Amino acid sequence: MNKIKVLLAEDHTIVRKGLHSLLDKEIGIEVIGEAEDGREVIRKAEELQPDVVVMDIAMPGLNGLEATRRLKKRFPGMKIIILTVHNNEEYVLETLRAGASGYLVKKAAPTDLISAIQAAYRGESFLSPSISRTVIDEYLLS
């Protein structure tokens, strides 16, 4: 079975290293690279061709939302999971419109991150339970 190749994009080193350590323990997932800003994640994605990018929104230089737009334009099949502290409706909807496969808040359980990566790899979407209601409400109102 092929491992899911993951690229991590997070500007806080301790968080990025912690995510790397967490994912390294998971059978079936391989972290193939790390980036600390949006420009670097685009360069690394071109070079490494990950299956899934796990990316924060608030990063210096080029934020995760714009990086998502650019990555999806260049690599339509690449899956992107947003991992962030932001749980407001605007961020959730904008990142999904930009092409993200999932949106996960950082207070989520580690197993939610694993599930989100696996779901994205299978072509499915994943939302943190705490923000699912936001997306459903927006859909029903539109």
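No lab work stands behind these numbers, since they all come straight from the coordinates. Source: prediction; values computed, not measured. Reconstructed Cβ throughout: ideal geometry from the backbone, glycine too, with neighbour counts over all protein chains shown.
Tabulated results
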{"read-out": "Test: residue in the stretch 115-138 that is surrounded by fewer than 23 Cβ atoms within 10 Å (Cβ to Cβ), within 15 Å of residue 8 (Cα to Cα) and aliphatic (A, V, I, L, M)", "value": "no"}
{"read-out": "Filter pass, residue 63 being in contact (Cβ under 8 Å) with a residue 40 or more places away in the chain, out of contact with any Phe, Trp or Tyr (no Cβ under 8 Å at 6 or more places or on another chain) and among the polar types (S, T, N, Q)", "value": "no"}
{"read-out": "Of all residues making up the stretch 82-135, the number that are closer than 18 Å to residue 25 by Cβ and of a type in the set (Val, Ile, Thr)", "value": "3"}
{"read-out": "Selection from the stretch 51-110 of residues that are surrounded by 15 or more Cβ atoms within 10 Å (Cβ to Cβ), in contact with a Lys or Arg (Cβ under 6 Å, 6 or more places away or on another chain) and farther than 16 Å from residue 126 by Cβ", "value": "62"}
{"read-out": "Failed item, numbered, when residue 45 is tested on (1) over 22 Å from residue 24 (Cβ atoms); (2) surrounded by 15 or more Cβ atoms within 10 Å (Cβ to Cβ); (3) not charged (D, E, K, R)", "value": "(1)"}
{"read-out": "Set 97, 16, 43, 69: member being without any contact (Cβ under 8 Å) to a residue 24 or more places away in the chain and under 13 Å from the mean Cα position of the chain (by Cα)", "value": "16"}
{"read-out": "Candidate set from the stretch 1-22 (those that are surrounded by 13 or more Cβ atoms within 10 Å (Cβ to Cβ) and among the β-branched types (Val, Ile, Thr)); member that is farthest from residue 114 (Cα to Cα)", "value": "15"}
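Let's see how each residue does on (1) of a type in the set (D, E, K, R); (2) assigned to a helix (DSSP H, G or I); (3) under 20 Å from residue 115 (Cα atoms):
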site: 30; (1), (2), (3): yes, no, yes
site: 42; (1), (2), (3): no, yes, no
site: 62; (1), (2), (3): no, no, no
site: 70; (1), (2), (3): yes, yes, no
